[in-house]
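Before any comments, here is the structure.
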Amino acid sequence: MLVVQKYGGTSVADADRIRHVAGRVIKRIKAGDQVVVVVSAMGNTTDELIDLALSVSPDPDPRELDMLLSTGEQMSVALVAMALRALGQEAVGLTANQAGIYTRAQYGSGRIARVEADRVRAELAAGRVPIIAGFQGTTDDQEIVTLGRGASDTTAVALAIALGAERCENCKDVEGVYTADPRIVPTARRLKDITYEEMLELASQGSQVMHNRAVELASVYNLPVLVTSSMVDAPGTLIHGESELEERNRVRGIAHDSDVAKITVRRVPDRPGIAANIFEPLANAGISVDTIVQNASEGHLTDLSFTLSRGDLRKAESLMPGICESVGSPEYTADANLGKVSIVGVGIQTAHGYAARMFRTLFDAGINIELISTSEIRLTCIIAADRVNDAVRALHDAFELERAE
Ligand code: ADP
Ligand code: ASP
Ligand code: MG
């Protein structure tokens with residue numbers, strides 16, 4: 001079968017691991033499979049490149065930043081291809097431009113528009129393993145664009161779809177998708193499988209184990225994705241469209257995110273058009289807003305709160321005085337030190353008792369809930385950032401997630 005295997009930064013962090021990855025790819029080919037490989041930048045390279053950019057400019061030019069960041073993945077493809085060749089397997093490292101991964105020009109947050117995979121197919125047909133740079137794309141005018149942090153997962157899924165691969169395998173330093181981040185909950189349990197919609201909620205609420213756009217794309221094309229270990233042979237977790245009947249009405253996993261900020265616009269006159277006047281300037285500045293809560297009004301005045309990622313707070317605060325003036329609010333307040341914790345599972349909103357149990361658990365742990373948001377398969381509480389880990393552990397216990405399936 002044809003598979004696309006993606007190896008993340010930790011899995012190619014040094015020479016030993018790169019040689020290990022090469023060995024795994026060869027084993028797979030010997031077993032009769034065709035393999036296309038997507039790699040991320042080694043270890044913390046992307047963070048280090050960002051720091052380097054900030055050391056020469058406080059506000060690096062987005063085009064040149066993408067030019068710089070894309071070199072991280074380019075290093076990895078060359079090294080993995082060399083390691084394969086050293087073991088006697090022909091291989092070829094390809095940038096996104098060479099592999100035909102086209103995006104629109106939105107530096108730092110490109111979206112894949114199409115994949116023209118002829119070159120990749122030709123390399124495969126010639127017996128060379130294509131090793132493709134994740135996280136980058138090319139525009140029609142040959143500009144280099146990156147796809148957003150963690151987006152090598154998305155490159156791999158897009159390639160698998162374009163090539164008609166049987167599945168995409170996401171090889172990591174963990175053995176699959178767990179009921180919670182195993183770094184925080186040592187007793188977290190690996191899930192045998194999970195539906196696209198549950199995985200999408202977990203990923204969107206902060207589980208960095210899969211990039212959310214990768215899950216979204218796989219779901220649209222019904223591509224099975226196996227999250228598995230790059231280190232050991234492990235059965236992994238299959239992300240797919242089916243859920244077992246027995247798995248309904250229960251919490252499947254807990255996601256957390258310690259990078260949340262909140263802004264409250266105080267005493268806003270309660271009249272039509274206010275929300276548009278608050279959120280349009282933020283959207284125009286490229287700031288994405290997450291949870292929005294408008295309180296009941298008292299004497300035609302209301303407080304409106306919303307959350308955003310901490311990295312966007314400074315930019316948002318620079319717009320707030322103008323926004324307050326335009327809606328007639330006397331002031332706003334900002335809190336930079338929040339986080340969120342979510343329970344996710346198909347059916348939990350229609351079943352009784354999940355919300356109550358979540359709130360009771362947080363209360364018993366002495367954790368104050370700042371805001372609540374829900375979807376059909378998720379409940380999220382915004383809490384203090386320094387209590388996020390405690391909340392994840394308490395909820396993992398309360399919903400008995402360590403129990404065998
Ligand atoms: P990659 O190297 O492939 O990019 P990441 O570092 O992005 O991998 O994702 C793997 C990490 O995700 C793990 O080390 C783990 O700490 C974290 N993680 C968070 N939530 C989960 C979860 N529910 N299951 C497994 N891993 C998780
Ligand atoms: N190297 C990129 C990042 O660190 C992309 C990825 O790892 O998926 O965000
Ligand atoms: Mg990742």
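The values are calculated or read from the model by the stated rules, or taken from the named source; none is laboratory data. Note that the coordinates shown come from a computational prediction; the quantities given were computed from them, not determined experimentally. Positions of Cβ are generated from backbone atoms using ideal geometry, with glycine treated the same way; all protein chains shown enter the neighbour counts.
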When you look at Val77, is it touching an Asp or Glu at 6+ places or on another chain (Cβ under 7 Å), buried (at least 17 other Cβ atoms within 10 Å of the Cβ) and in contact (Cβ under 8 Å) with a residue 40 or more places away in the chain, yes or no?
no
Long-range neighbours under 8 Å by Cβ, at least six apart or interchain, first residue under 14 Å from Ala188 (Cβ atoms) and at pLDDT 95 or above within the range 381-403, second surrounded by fewer than 17 Cβ atoms within 10 Å (Cβ to Cβ) and acidic (Asp, Glu)
Ala394/Asp364; His396/Glu402
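One line per residue, one yes/no per condition, for (1) under 22 Å from Ala385 (Cβ atoms); (2) at pLDDT 90 or above; (3) not aromatic (Phe, Trp, Tyr):
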residue	(1), (2), (3)
Asp259	yes, yes, yes
Arg271	no, no, yes
Gly322	no, yes, yes
Gly328	no, yes, yes
Glu331	no, yes, yes
Ala336	yes, yes, yes
Ile343	yes, yes, yes
Tyr354	no, yes, no
For the range 132-157, give me each residue that is over 14 Å from Leu94 (Cβ atoms), more than 10 Å from ligand 2 (Cβ to nearest atom) and buried (at least 24 other Cβ atoms within 10 Å of the Cβ).
Val145, Val157
Looking only at the range 181-210, filter to residues that are farther than 19 Å from Gly241 by Cβ, over 15 Å from the mean Cα position of the chain (by Cα) and in contact (Cβ under 8 Å) with a residue 12 or more places away in the chain; which one of those is surrounded by the fewest Cβ atoms within 10 Å (Cβ to Cβ)?
Thr187
Quick check on the range 116-131. Is at least one of its residues crowded, with 24+ Cβ neighbours inside 10 Å and within 16 Å of ligand 1 (Cβ to nearest atom)?
yes
Before we move on, is Glu169 over 28 Å from Gly339 (Cα atoms) and either within 16 Å of ligand 3 (Cβ to nearest atom) or not hydrophobic (A, V, I, L, M, F, W, C) (or both)?
yes
Which of the residues that make up the range 354-405 are of a type outside the set (Gly, Ala, Ser), under 20 Å from Arg183 (Cβ atoms) and out of contact with any strand residue (DSSP E or B) (no Cβ under 8 Å at 6 or more places or on another chain)?
Asp390, Arg393, Asp397, Glu402
Quick check, is Val36 in a helix (DSSP H, G or I) and surrounded by 14 or more Cβ atoms within 10 Å (Cβ to Cβ)?
no
Restricting the range 229-239 to residues that are more than 13 Å from ligand 3 (Cβ to nearest atom) and buried (at least 23 other Cβ atoms within 10 Å of the Cβ), the one nearest to Ile18 (Cα to Cα) turns out to be Gly236
Considering each of Val215, Val177 in turn, give the residue that is out of contact with any Asp or Glu (no Cβ under 7 Å at 6 or more places or on another chain), under 26 Å from Gly353 (Cβ atoms), at pLDDT 95 or above and within 15 Å of ligand 3 (Cβ to nearest atom).
Val177
Residue check, Ile161 farther than 25 Å from Glu402 by Cα, within 16 Å of ligand 2 (Cβ to nearest atom), surrounded by fewer than 24 Cβ atoms within 10 Å (Cβ to Cβ) and β-branched (Val, Ile, Thr):
no
Enumerate the pairs (first residue in the range 363-379 and touching a residue at least 60 places away in the same chain (Cβ under 8 Å); second residue anywhere and polar (S, T, N, Q)) with beta-carbon separation below 6 Å, excluding pairs fewer than 6 apart on the same chain, so at least 6 apart or on different chains.
Leu371/Thr291; Ser373/Thr291; Ser373/Thr380; Arg378/Ser342
Search result, residues across the range 163-186 that are away from ligand 1 (no atom under 13 Å from the Cβ) and in contact with a helix residue (DSSP H, G or I) (Cβ under 8 Å, 6 or more places away or on another chain)
Leu163, Ala165, Arg167
Has the range 292-307 got at least one residue that is free of Cβ contacts under 8 Å to residues at least 12 places away in the same chain, exposed (fewer than 14 other Cβ atoms within 10 Å of the Cβ) and part of a strand (DSSP E or B)?
yes
Checking the structure you have, find out if any residue of the range 140-157 is touching a helix residue (DSSP H, G or I) at 6+ places or on another chain (Cβ under 8 Å), more than 16 Å from ligand 1 (Cβ to nearest atom) and under 18 Å from Arg213 (Cα atoms).
yes
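Quick grid of which residues meet (1) in contact with a Pro (Cβ under 9 Å, 6 or more places away or on another chain); (2) not hydrophobic (A, V, I, L, M, F, W, C):
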{"site": "Thr139", "(1), (2)": "no, yes"}
{"site": "Ala165", "(1), (2)": "no, no"}
{"site": "Tyr178", "(1), (2)": "no, yes"}
{"site": "Arg190", "(1), (2)": "yes, yes"}
